[in-house]
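The values are calculated or read from the model by the stated rules, or taken from the named source; none is laboratory data. Note that the coordinates shown come from a computational prediction; the quantities given were computed from them, not determined experimentally. Cβ placement follows ideal geometry from the backbone for every residue including glycine, while neighbour counts extend to all protein chains displayed. For the accessible areas, the whole protein counts, side chains as well, though only heavy atoms, and no ligand, DNA or RNA atoms are used. Shrake-Rupley method; radii C 1.70, N 1.55, O 1.52, S 1.80 Å.
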Amino acid sequence: SQQGEEDPQALSIQEGENATMNCSYKTSINNLQWYRQNSGRGLVHLILIRSNEREKHSGRLRVTLDTSKKSSSLLITASRAADTASYFCATAGATYGGATNKLIFGTGTLLAVQP
Amino acid sequence: GAGVSQSPRYKVAKRGQDVALRCDPISGHVSLFWYQQALGQGPEFLTYFQNEAQLDKSGLPSDRFFAERPEGSVSTLKIQRTQQEDSAVYLCASSLEVMIYEQYFGPGTRLTVT
C-alpha cells in the first residue's frame, strides 16, 4: 500500500515559475526522498532529507520536512520545460536498531511546465 | 558507468503463462529491490535482497511471485500462472551499501497480461 499522499495530483505552470509539491506520510521514518519519473529516463533520485533535518537544498530544489506533521514539500524554482515529469516522495522507515531499506512511495504529482 | 538494466523492456503474456523478468544491477551494489508500479500509481515494494540473501519478501502479492539472486548480482523475478491483475511495470533498483539509501532504478519491464 502507498505510504501517503501527494498534492496536488497535477500541476501546470509556465516556464520560470516556481512549483511546490507536498507529501504526507503515515509512519516514523529514517529519511524521506524525492524522485522524478518521466518516460525518457525512468525514476531518478533527486534529493534525500534525514528525519533530523528540517530543510535541504540542491541546485533549484528545496525540500522541507516537518516530522511533527509527517509532511514534506518540494519546491522547484525557476522551472523549465525539461522539469515536466511525475514527482514522487518516498520514505525509508525507522525501526528499532536501524532503518529498513525499502522505499514506500506516495501517489505522485504530475508536473507540466509550459514553455 | 552502466546503470541498472532490465530485460525484456516489454512483455505480453497470455493469462496462465509463466514469465521471467531479469535485472542487472549496477556492478558492486549490495542491495537490490523489486517494485511493482500500476498505471497512475507510485511504485510498491515487492522484495529486497542483500547480496544473495532475500531479506524481505513481504510485498510479494501471492505465492505465484518468486524472486532470486543466486550469485548476489543478477536477479530474476518470476511470475507463475499470470493473471490480468499482474499487468504493471516492474522496476528493479539497486543501492551501493545496506545503509546507503539512494536507490538507482532501471527502466522497468512493462508486463501486459491478456
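Against the criterion of being modelled with pLDDT of 95 or more, of a type outside the set (Val, Ile, Thr) and under 30 Å from residue A:10 (Cβ atoms), residue B:66 does not qualify.
For residue B:71, state whether it is surrounded by fewer than 14 Cβ atoms within 10 Å (Cβ to Cβ) and within 11 Å of chain A (Cβ to nearest Cβ). So residue B:71 fails the test.
Name the single residue, out of those in region B:4-35 being touching a helix residue (DSSP H, G or I) at 6+ places or on another chain (Cβ under 9 Å) and open to solvent by less than 40 Å² (accessible area, probe 1.4 Å), that is farthest from the other protein chains (Cβ to nearest Cβ). The extreme case among them is B:13. Within region B:1-32, being of a type in the set (Val, Ile, Thr) and under 14 Å from residue B:76 (Cα atoms) holds for B:4, B:19. So the check is Cβ under 9 Å with 6+ separation or different chains; which pairs have a first residue in region B:87-114 that's more than 13 Å from residue B:4 (Cβ to Cβ) and touching a residue at least 12 places away in the same chain (Cβ under 8 Å) and a second one that's surrounded by fewer than 16 Cβ atoms within 10 Å (Cβ to Cβ) and among the aromatic types (Phe, Trp, Tyr)? Between residues of region B:87-114 that are more than 13 Å from residue B:4 (Cβ to Cβ) and touching a residue at least 12 places away in the same chain (Cβ under 8 Å) and residues that are surrounded by fewer than 16 Cβ atoms within 10 Å (Cβ to Cβ) and among the aromatic types (Phe, Trp, Tyr), the close pairs are B:110/B:10; B:111/B:10; B:112/B:10. For region A:15-31, give me each residue that is open to solvent by 20 Å² or more (accessible area, probe 1.4 Å), assigned to a loop (DSSP other than H, G, I, E, B) and not small (Gly, Ala, Ser). Across region A:15-31, the qualifying residues are A:15, A:17, A:18, A:26, A:27.
Among the listed residues B:82, B:76, which satisfies the condition of being assigned to a strand (DSSP E or B), closer than 19 Å to residue B:6 by Cβ and either more than 13 Å from chain A (Cβ to nearest Cβ) or without any contact (Cβ under 8 Å) to a residue 40 or more places away in the chain (or both)? Of the residues listed, the single one that is assigned to a strand (DSSP E or B), closer than 19 Å to residue B:6 by Cβ and either more than 13 Å from chain A (Cβ to nearest Cβ) or without any contact (Cβ under 8 Å) to a residue 40 or more places away in the chain (or both) is B:76. Against the conditions (1) more than 14 Å from chain A (Cβ to nearest Cβ); (2) open to solvent by 40 Å² or more (accessible area, probe 1.4 Å), residue B:64 satisfies every one except (2).
I'd like to check something: does region B:49-60 contain any residue that is farther than 18 Å from residue A:37 by Cα, hydrophobic (A, V, I, L, M, F, W, C), surrounded by fewer than 16 Cβ atoms within 10 Å (Cβ to Cβ) and away from every other protein chain (no Cβ under 11 Å)? Within region B:49-60, one or more residues are farther than 18 Å from residue A:37 by Cα, hydrophobic (A, V, I, L, M, F, W, C), surrounded by fewer than 16 Cβ atoms within 10 Å (Cβ to Cβ) and away from every other protein chain (no Cβ under 11 Å). Screening region B:36-48 for residues that are farther than 16 Å from residue B:83 by Cβ and polar (S, T, N, Q) and picking the one that is least open to solvent (accessible area, probe 1.4 Å) gives B:47.
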